[in-house]
Structure formats: structure tokens, C-alpha cells
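Worksheet: the structure to be examined is printed underneath.
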Amino acid sequence: MTQTSERPAAGRTLAVAAAGTTMVLIAFTTPLATLPATAAGVHAGPGGQAWILSGMSVGCAAGLLCSGALGDDYGRRRMFLAGAIVLAVGSLLGAAAPDALVLVLARILQGLGGAAIVACSLGLIGNAYPDGPERARATGVWGAALGAGVAIGPFLALGLQTVAGWRLPYLAVALLTAVLAVAGHRTLAESRAARPSPVDAAGTVLLALGLSALLAGLVEGRTGWTQPATLGLLLLGVVLVAGFVTVEHRSRHPMLDLTLLRRPDFAGALIAALATGAGVLSLTSYTPIIVQQGLAGSALAGVSAMLAWSGLSALTPLTARWLSTRVTPRIQLIAGLLGCAAGQLALLGLHRGDHVSRMLPGLLVAGAANGVLNAALGRQAVSSVPAERAAMGSGANNTARYVGSAIGLALVSITVAGGRHEPAAVLRGWNTAVLITAAFSLAGALIVLLARDRAPVPVLG
């Protein structure tokens, strides 16, 4: 194939992959703007609301690494399209949910579909663009798609809810995802590893169940950490994940090659993704809630404040390609985490009576830094693994992000919920949450800094 025919094909792949990533984040953020009406519609109490917010995270964390590995071996296009279909079906189920249980199951199903889209979107991009400036530009677009989804999702959900209730946003996601599936079917070219590995059935089951149990325990922990169900889920999750590590260590064809953890670029990207989720993502996800419960703002004011963060998160990755020629991805990760920490700490000290604008400087700084992080993480996810395992690398990196987000959200929700909707107490909990999540960002930057680059490990491609 000539260069002139390759470029349009790569561009179409990038467009569909980025659109799919945006769609997943739109679905992910839908409940942030519609939770009160949704909870009333399905009669969800505090525990049910926590699950509505976190159900998609459970599905994503359980499915990312598995779907990425399967995409590498059996077709990234195939898994991307399958993920789009599952996301559409989950969204339809959410739109028709008669009660909280069905809606939570729909959110988990959305997460499983979204996992395949996110993991294989980066795998498709990694296959379409060779490592270097072009891939840096492409992963910058992918990073911008993450921010765009977070920026669009709450506004779209709030607007559609105003028109016809909280169910309409789920129906809209289903229809848009169906359009995405058709576009992907017509546009994407199949790609897979030259030497596919056998399915790691034991590893797949252990990891999916282990992460599901861990995240379920974290969600249940928001209503009480000493409850037997919470402790049992957390213990089961630890045991199953430990079993996964044992199986991968002994397997001849592991889903995750544990020797990759010896690579500073791979391990550093995982740590940065974990710190991003536990740090800036978990804190800023609570922005609409804090605006309404702590600052007496409207739902529109809450999602508008979040736009200050997500909007810059969508814009700065598009300029990150210029950084790739001047600084290493490792430096970008460190700078991004430090910038996020600075933005988070600027959100410290909220008091009753403060205007929403008091949050804007911190949200803008955190958004710009998070955009740099997203671009660097997208590039490292595929560049730090063998070329034929690009989707697996994406799945591993995004798994770390979602697990970190689940941990951070559990901690933030506990500190904020301690105020029991009394504004002054809610804001005291928020200020504590700022310190906790900023500590995650700073710790991530320090660990990546200490993970000194060594001579590169040979990568097969």
C-alpha cells in the first residue's frame, strides 16, 4: 500500500477510535448530572446511588485487560465492534430499567462494552501509526477524546433530561453507539498479532472476578467498611487477584507478561495511571455534587464548573505532540501529575458562601495538566509493550486508571458523605478529600521520578 493511501486509512481509524472513546466517557459521566432524578425514578437509596455512579467502573476494570488481550489475538476491530454493540445494549437496558438493580446491571454491561472500545481503540491507533511524532499526534487526539467525553457527557445528559426525563440520555447513548458500530464496520481495517496466543482462560476469569470483587467491595465500603459483605468482597478480590498473578507467572502464554513490570516505561505508566485515577479524576468527578450540596449552586452550575476541567483536558492533548519532540514521556508524566496536584491543592479551603468561581483556577490548572497526562499515557500504553500487544498495553494502563479511580472515589465519597448534606460539613469533607487525592498525585509523580530509565528492553514487533 502506498503512503498516500495509508494516510487516509490511518486518519479514518483515528477518527472512529477517538469517537468511540468519547462515546464511552459520555456514557460514563451521564449519572453525574442526572443522579437525583435517576435515583427518584428507580427508587435508589444511598447504596443504590453509589452503585449507579460506580457500576460502569466495575465493568470497565473487569473487562479492559481481558478485551485488550483478546483484541490483540483475535482482532482489534472485532473486539471494538463487539464492545460498541454491548455498550448500546447496556444503554438500552438502562433506558428501560424498572428499578435500581436493573439499572446497576445495565451500567456494568455498559462498562464491559466500553472496556473493549477503549482498550482496542488505542490498539488500532498503535497499529495504524508507527512510533514517533505521528503516533504522538494520534495519541494526543485520543487523549483529547477522553476530555471531550467528560465535557460533553454531563451537558448532554442534563439537556436531554430536561426534555424528556433521565431515561432519554441512555437512549441517546444507545443510538449514537449504534451509529459508531456501523461507522466502525465500514471504516476499520482488522489488525491482530502475527502470532496469536491461546486464550488465557484461567487468567481471564481470575482477573475479571478479582477486580469485580475488589471494586464491589470499595463501592459497598461507602456505606460501611466493617460490614461482612464489604470485608468479604475485598478479601475475595485480593485472593483472586493473587491467584491471577500466580497463574500468569506460571503460564506459557500469559494474558499479561509480568516481565513487562521490569520495564521503567511500562511500570511508570501504570503508576501514573493509577495515581491519575485515585487523584485528580476522583476529586473532579465530585465537582457537580460539591457545587450543589456545598455551595448551593444549581445542577447546571455544577456541570459548568466541571467543564472548566474537562474542557482543558480535551484541548491540551492536541498540543502535547510538540512536547514529544522536546521532553520524554516520563517527564510529561511527572509534570502532568505535579500540575494536577497543584490544581487540586488550589481547590483547598472552600467555605460556605464561596462562589462557584472560587473553584475555577484550580480546575483550569488541573484540567490542563490532566490533558498532558492523557496524551503521555496514551502513547506509553502502546509504546511500552511489544507492537503486537498494543491493545493489551492499553487495557493494562486503563485498568490501573479505573482501579485508582474506584479507590479515590471511595475515599472522597466517605469524607464528603460524612457531612450528610449539611453544607459546612460537606465542604469540610471536601477539603479533606483534596488533601487525600493530592497526596496520590504527588506520590505518583515521586514514584515515576524514582523509576529511572534503563537501557530499553528489546520489543518485538
- [ ] Test VAL412 against the criterion of being crowded, with 24+ Cβ neighbours inside 10 Å, at pLDDT below 90, farther than 25 Å from TRP142 by Cα and in the same structural domain as ALA308 (by TED's automatic domain parsing), and give yes or no.
- [x] yes
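Table: residues versus (1) touching a residue at least 12 places away in the same chain (Cβ under 8 Å); (2) closer than 26 Å to PRO130 by Cβ.
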{"position": "GLY378", "(1), (2)": "yes, yes"}
{"position": "PRO386", "(1), (2)": "yes, yes"}
{"position": "ASN397", "(1), (2)": "yes, yes"}
{"position": "LEU409", "(1), (2)": "yes, no"}
{"position": "VAL412", "(1), (2)": "yes, no"}
{"position": "ALA425", "(1), (2)": "no, no"}
{"position": "TRP430", "(1), (2)": "yes, no"}
{"position": "GLY444", "(1), (2)": "yes, no"}
Task: Lone unmet requirement of (1) of a type outside the set (Val, Ile, Thr); (2) crowded, with 22+ Cβ neighbours inside 10 Å; (3) in contact with a Pro (Cβ under 7 Å, 6 or more places away or on another chain) for ALA366 - done: (3)
TODO: Count, please, the residues in the stretch 325-355 that happen to be out of contact with any Asp or Glu (no Cβ under 8 Å at 6 or more places or on another chain), surrounded by fewer than 19 Cβ atoms within 10 Å (Cβ to Cβ) and over 17 Å from TRP430 (Cβ atoms).
DONE: 7
Open item on the list: For ALA366, only one of the following conditions fails: (1) closer than 12 Å to THR276 by Cβ; (2) of a type in the set (Gly, Ala, Ser); (3) free of Cβ contacts under 8 Å to residues at least 24 places away in the same chain. What is its number?
Closed with: (3)
Open item on the list: Only one of ALA381, ALA406, ALA396, ALA391 is under 17 Å from THR287 (Cα atoms) and of a type in the set (Gly, Ala, Ser). Can you tell me which?
Closed with: ALA406
TODO: Would you please name the residue that is surrounded by the most Cβ atoms within 10 Å (Cβ to Cβ), looking only at residues in the stretch 209-260 that are in a helix (DSSP H, G or I) and among the hydroxyl-bearing types (Ser, Thr, Tyr)?
DONE: SER212
Open item on the list: For a quick check of your reading of the model, give me the residue pairs whose first member lies in the stretch 11-23 and is farther than 13 Å from ALA181 by Cα and of a type in the set (Phe, Trp, Tyr), whose second is crowded, with 23+ Cβ neighbours inside 10 Å and at pLDDT 90 or above, with beta-carbon atoms closer than 6 Å and at least 6 apart or on different chains.
Closed with: none
Task: Exclusive hit being surrounded by fewer than 19 Cβ atoms within 10 Å (Cβ to Cβ) and either modelled with pLDDT under 85 or out of contact with any Asp or Glu (no Cβ under 6 Å at 6 or more places or on another chain) (or both), set ALA273, ALA267 - done: ALA267
Task: Set ALA189, ALA151: member being among the hydrophobic types (A, V, I, L, M, F, W, C), touching a residue at least 12 places away in the same chain (Cβ under 8 Å) and more than 26 Å from LEU103 (Cβ to Cβ) - done: ALA189
Task: Residues of the stretch 218-233 classified as aliphatic (A, V, I, L, M) and over 17 Å from SER282 (Cβ atoms), total - done: 3
TODO: Could you please tell me which pairs satisfy a Cβ distance under 9 Å, a separation of 6+ or placement on different chains, a first residue in the stretch 90-102 that is in the same structural domain as VAL58 (by TED's automatic domain parsing), and a second residue that is of a type outside the set (Gly, Ala, Ser) and part of a loop (DSSP other than H, G, I, E, B)?
DONE: ASP99/HIS43; ALA100/HIS43
TODO: Look at ALA27 and say whether it is of a type in the set (A, V, I, L, M, F, W, C), in contact (Cβ under 8 Å) with a residue 60 or more places away in the chain and either closer than 23 Å to GLY165 by Cβ or surrounded by fewer than 20 Cβ atoms within 10 Å (Cβ to Cβ) (or both).
DONE: yes
TODO: Read through the list (1) farther than 17 Å from ALA69 by Cα; (2) surrounded by fewer than 22 Cβ atoms within 10 Å (Cβ to Cβ), then give the number of the only condition that GLU190 fails.
DONE: (1)
- [ ] Restricting attention to the stretch 345-360, report how many residues are part of a helix (DSSP H, G or I) and either of a type in the set (Gly, Ala, Ser) or at pLDDT 95 or above (or both).
- [x] 2
Open item on the list: within 23 Å of the chain's Cα centre (by Cα), touching a residue at least 60 places away in the same chain (Cβ under 8 Å) and not assigned by TED's automatic domain parsing to the domain that holds GLN332: is that true of LEU281 in this structure?
Closed with: no
Open item on the list: Quick check on my filter: what residues within the stretch 112-152 are among the polar types (S, T, N, Q) and under 10 Å from VAL382 (Cα atoms)?
Closed with: ASN127, THR139
Open item on the list: Kindly evaluate GLY419 against the criterion of being farther than 30 Å from GLU388 by Cα, at pLDDT below 60 and part of a loop (DSSP other than H, G, I, E, B).
Closed with: yes
- [ ] Determine whether GLY45 is surrounded by fewer than 24 Cβ atoms within 10 Å (Cβ to Cβ) and in the same structural domain as LEU160 (by TED's automatic domain parsing).
- [x] yes
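The values are calculated or read from the model by the stated rules, or taken from the named source; none is laboratory data. Everything quoted here is computed from the prediction, not taken from an experiment. Note: ideal-geometry Cβ built from the backbone for every residue, glycine included; neighbour counts use all protein chains shown.
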